[in-house]
């Protein structure tokens, strides 16, 4: 076996993940601006020269400590092309560039990032998909043990995957002491602080700065729709719940959006394209955000629902669109009231909800504060932190 050129000894992968080899490099074919790779399963993937040079992972192009890129592609010639290409004995792609630079690509990494249509479709199919639910989830609600989640990373991963895919989970056997929630939330990442604090106490009080701190019926909503970025995860931990009433109600906002899209696509479009202002006002703060009720991601899929009628400002839309906006808004709320979509359950002391606040709408029925104590604690963790923790646990 020939010795590896010292200039190519750096890790050929520029991030922290591993890339299994699902197909070997079988052949190379050059064109004027790209290199076509034929794989051992007969798939053909074109890689443009600029793309290959831009993604070189050698120590000159990527800092090995942080695995972040040093190269800016504008610093190499736009018409740069390979002088020589070959497959080495380890199955890597080697490229000698016209300017003297040398690149080495791992076949697993190349396949994972190939952008021929078959490879892109393969990646789309492998992406996690939300599992839509309705009232049936009340009998299938995933439950996880608090202490196990603190001690076992594999159990932690299963819980986080359930939060990601379902958007609603319950944790049981939680100590009924103030702050126990904080220990669990930090198993994911740091807690997002808001004007309500790091941990907020949900109790009825006379000087309430939110309807959540009253005994009123609280209709279905997402928390903090008044922020540019709504909190991703919300935790609600029950310390005591002796009052009459106060049941928790949940609906899957993604399932509501899907139902609206199927039933009245024109109304779905209105809620995706018409910004609505939400406002959260108190004596010491004034938060406002203008955004659509249903947000779509880069692939056109529903990524967020933003709703809290008690925090909504007056609609501001062109006069000719106002009737359609009201039809869409009314229909969305009406669907959330259909029993087929609603999960209703009373949270007991020592239990907590963890749900995706940008997907799952939650509500609370009215309760009688004179009939017994009711004390929940809550906090927020951003969705990005959930996904990051999942990725690290998986790798």
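Things worth noting here:
- Residue within the stretch 174-181 that is touching a residue at least 12 places away in the same chain (Cβ under 8 Å) and part of a helix (DSSP H, G or I) present: yes
- Looking across the stretch 174-215, the residues that are in contact with a helix residue (DSSP H, G or I) (Cβ under 9 Å, 6 or more places away or on another chain), modelled with pLDDT of 90 or more and over 29 Å from residue 341 (Cβ atoms) come down to 175, 180, 183, 187, 189, 190, 191, 198, 199, 201.
- Taken as a whole, the structure places residue 113 among residues that are under 20 Å from residue 13 (Cβ atoms) and modelled with pLDDT of 95 or more.
- Tallying residues that are without any contact (Cβ under 8 Å) to a residue 40 or more places away in the chain and either buried (at least 17 other Cβ atoms within 10 Å of the Cβ) or outside any loop (DSSP other than H, G, I, E, B) (or both) within the stretch 13-42 yields 6.
- Within the stretch 78-134, the set of residues being on the phi > 0 side of the Ramachandran plot and touching a helix residue (DSSP H, G or I) at 6+ places or on another chain (Cβ under 9 Å) comprises 91 only.
- Check on residue 166, farther than 30 Å from residue 108 by Cβ and crowded, with 17+ Cβ neighbours inside 10 Å: yes
The values are calculated or read from the model by the stated rules, or taken from the named source; none is laboratory data. Predicted model, so just to flag it, every value in this text is computed and none were measured. For neighbour counting, all protein chains shown are included, and Cβ atoms are generated from backbone atoms with ideal geometry for every residue, glycine included.
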